[in-house]
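Take a look at the structure set out below.
The values are calculated or read from the model by the stated rules, or taken from the named source; none is laboratory data. The structure displayed is predicted, hence computed values, not measured ones. All Cβ positions, even for glycine, are placed from backbone atoms using ideal geometry, and neighbour counts span all protein chains on display.
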Amino acid sequence: MRQPFTETSGIARHWGFEDLAAKGPVQRLTLFTGVPVCLITGYAETRELLAHPDVVRSPLDGPHRDTMMDDLINRTERHMLGANPPDHTRLRKLVTAAFTRRRIDALEPRIREIATGLLDQMAAGDRVDLVNAYSYPLPITVICELIGIPPVRREDFRQWSSVFVNATMHTAEEYIEATTLMLDFVHELIVQKQQAPTDDLLSGLIAARDGGDRLSEDELTSMIFLLLAAGHETTVSLITNGVHALLRHPDQLELLKAEPDRLPAAVEELLRYDGPLQAAIPYIAQAPIDIAGSRIEAGEVIVFALLPANRDPRKVERPDELDITRPDSAHLAFGHGIHHCLGAPLARLEGRIALGMLFERFPDLRLAEPERDPVRTPGLLMNAIRELPVQL
């Protein structure tokens, strides 16, 4: 008889999301940063508010703004994730012109090649940390090749992006230093691509046009900043969290190995069960909104808690169980509304390839320390496992 392993993520427990969600889909609390917020934990309420015209990005989203120079703010925050219409509409249209489905689909052979090389390296030992050996190098290599970043600078980008994603866990000095170093390099790269374009995303973004409109250099550097921070860190967690969940649910893993055609559905269920984001970047209400028996006042900061929303029992039966046979693994791991993740198709592609090839190559893969829950990276946004020792 099936005995489901029904854990919620360590970060969800740390933040008390479970207890808050049990009290209702709309709660108020003060973040560790001292900011009072309206926390949304319900699936339906999250979808409704993310598509609501009066729920917008706050102009004060960026970290360490009180110490950052205007030049750095302009060069990092003029991307579509931090914009509202009509600026968002314009930016997304230009970026979409370069970040096409054709470009993403064409990456599949190269992603498989990268995965094969990493798996070959892993095979040299009996035990590895999956994050450092596989989950991290696969997506960082993909996103760097996609953008057009030379291999010799990829470790730099790993260090910088770690600071960007967990900005509130770093001092202003650390954040500004990492930001400055990355921006200086990206500026040099833009100049190179302007003079000698190649078949990569940065060259495509430079060339993107909508009539006479084009991306400014501040918008280009901001988009690269966004892609590096969001374009690989989330995929690292998709792979790592997914492997961890499957190894904790051997019945589901055996079913997937026996029926590999279930892989696309399995990826969706893994995104629902233990997705890479515990919360979305904060929004703000620009007018009063009534929802779920509560009123959100104009000016209130809204935080969408994606982990509990994806396990909302009003939406999902047996929400704390992993079940790759669910007919509908509806989730909000990639957001909703106008800010729905543009890179979702790439993340799904990498997830399917990474998981499928890993378990095909190492069918006896298991947790090296099954008695220990993995340590999650502290922070508000990311739901990331720091390391995952596995036995091959």
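Things to note:
- For the range 28-59, filtered to residues that are crowded, with 21+ Cβ neighbours inside 10 Å and polar (S, T, N, Q), the residue that is nearest to Thr89 (Cα to Cα) is Thr46.
- Wholly enclosed helices (runs of 4 or more DSSP H) of the range 101-208 bearing at least 2 residues surrounded by 21 or more Cβ atoms within 10 Å (Cβ to Cβ): 108-122, 137-147, 154-165, 172-195, 201-207
- The range 72-95 residues that are in contact (Cβ under 8 Å) with a residue 24 or more places away in the chain, paired with ones that are part of a helix (DSSP H, G or I) and charged (D, E, K, R) (beta carbon under 6 Å, 6 or more apart): Asn74/Asp218; Arg75/Asp218; Arg78/Asp218; Arg78/Glu219; Met80/Arg92
- Residue check, Leu358 crowded, with 22+ Cβ neighbours inside 10 Å, within 26 Å of Lys257 (Cα to Cα), among the hydrophobic types (A, V, I, L, M, F, W, C) and touching a residue at least 40 places away in the same chain (Cβ under 8 Å): yes
- Selection status of Leu253, surrounded by fewer than 24 Cβ atoms within 10 Å (Cβ to Cβ), of a type outside the set (D, E, K, R), over 23 Å from Ile104 (Cβ atoms) and modelled with pLDDT of 90 or more: yes
- Test: residue in the range 199-220 that is at pLDDT 85 or above, over 22 Å from Asp71 (Cβ atoms) and in contact with a Cys (Cβ under 9 Å, 6 or more places away or on another chain): no
- Of all the listed residues (Arg352, Arg366), the sole one being modelled with pLDDT of 95 or more, more than 14 Å from the chain's Cα centre (by Cα) and surrounded by fewer than 16 Cβ atoms within 10 Å (Cβ to Cβ) is Arg366.
- Output for the range 121-176, where each listed residue is under 22 Å from Ser222 (Cβ atoms) and polar (S, T, N, Q): Gln159, Ser161, Ser162, Asn166, Thr168
- Hey, Gly335 surrounded by 14 or more Cβ atoms within 10 Å (Cβ to Cβ) and either part of a loop (DSSP other than H, G, I, E, B) or at pLDDT below 95 (or both) or not: yes
- Within the range 85-100, the set of residues being out of contact with any strand residue (DSSP E or B) (no Cβ under 9 Å at 6 or more places or on another chain) and in a helix (DSSP H, G or I) comprises Asp87, Thr89, Leu91, Arg92, Val95, Thr96, Ala98.
- When Ala330 is tested against (1) assigned to a loop (DSSP other than H, G, I, E, B); (2) under 13 Å from Ser135 (Cβ atoms), just one condition goes unmet, and that condition is (2).
- The criterion of being surrounded by fewer than 22 Cβ atoms within 10 Å (Cβ to Cβ), of a type in the set (Asp, Glu), assigned to a loop (DSSP other than H, G, I, E, B) and touching a residue at least 24 places away in the same chain (Cβ under 8 Å) holds for Glu387.
- Of residues in the range 258-276 being hydrophobic (A, V, I, L, M, F, W, C) and in contact (Cβ under 8 Å) with a residue 60 or more places away in the chain, the one surrounded by the most Cβ atoms within 10 Å (Cβ to Cβ): Ala266
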